[in-house]
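Data block below; observations after.
Laboratory data are not the source of any read-out in this text; all were calculated from the coordinates shown. Remember, predicted model here, so these are calculated numbers, not experimental data. Cβ placement follows ideal geometry from the backbone for every residue including glycine, while neighbour counts extend to all protein chains displayed.
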């Protein structure tokens, strides 16, 4: 009797469209995505999960972001992370720590390009998310830093959110005391921004999962 019940359950699951089963959305980022300085459940990643749940998207977010991570650090662990979680969509939000430390922008671009390739080879869709540097790093460096994301998006044909904190980093009331990390008030704005850029990927995933 127990065997028949299990068999019936398997048959029912086999008849469901794949969309009805939860997909994994993997976020690989740094402190901006790891809710640095605020409660994790108030960070933009948690808010995005709640929004997707409210919209009945069968999507579970795995936040693999680590405060302080550089693109080299994240690149070294990405293959194992993807193998473990098998994501349908990957969001890459990295580069800020490379820029803040004045690391090679060429190396940063190479690392991000390698991560894009790794995610692509797994079959995942990609959203590349850029970040901003404080203006005291100088216009020449910050312009070149910004250009890395645009160049990668064009060269690899991936979706791009040019800046996670555009219009936020210059507003003191939305920033923590360090002037680098958005505060709790900014998190809903960031979640909405990412959600908008995710829409085409979510729609595409729904079609390929049907």
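Taking other Cβ within 10 Å of each residue's Cβ, how do 23, 93, 155 sort, fewest first? Could you put the intermediate results ahead of the total?
On the way: 23 19, 93 25, 155 11.
Taking fewest neighbouring Cβ atoms as first place, the list is 155, 23, 93.
Taking neighbour counts of Cβ atoms within 10 Å as a proxy for exposure, in what order, fewest first, do 71, 60 appear? It would help to have the intermediate numbers written out before the result.
Values: 71 27, 60 16.
Listing 71, 60 from fewest to most nearby Cβ atoms yields 60, 71.
I want the antiparallel fraction of DSSP beta bridges within the chain, as a percent rounded to 5. Don't skip to the answer; put the middle values down first.
Values: 1 of 19 bridges.
Expressed as a percentage, antiparallel bridges in the chain total about 5.
If one takes the longest principal axis of the Cα atoms in the chain, at what angle in degrees, from 0 to 90 and to the nearest 10, does the Cα axis of helix 44-54 lie?
Here the helix axis deviates by roughly 30 degrees.
If one takes the longest principal axis of the Cα atoms in the chain, at what angle in degrees, from 0 to 90 and to the nearest 10, does the Cα axis of helix 187-209 lie?
Long axis of 187-209 versus the principal axis of the chain: about 40 degrees.
Going highest first, how would you order 157-164, 122-129 by mean Cβ packing within 10 Å? Numbers along the way, then the final one.
On the way: 157-164: 17.5, 122-129: 20.6.
Peptide ranking by packing, descending: 122-129, 157-164.
From the helices alone, meaning DSSP H stretches of at least four residues, give me the mean residue ellipticity at 222 nm for the chain, per-run term -39500 (n - 2.57), in deg cm²/dmol to the nearest 500.
Numbers: 7 runs with 102 residues, N = 210.
Only helices count here, giving -16000 deg cm²/dmol.
Could you list 33, 67, 117 in order of exposure, starting from the residue whose Cβ has the fewest other Cβ atoms within 10 Å?
Numbers: 33 27, 67 15, 117 12.
Going from least to most buried by this count: 117, 67, 33.
What whole-number value in cubic angstrom gives the convex hull volume per residue for the C-alpha atoms of the chain?
About 130 Å³ per residue, rounded to a whole number.
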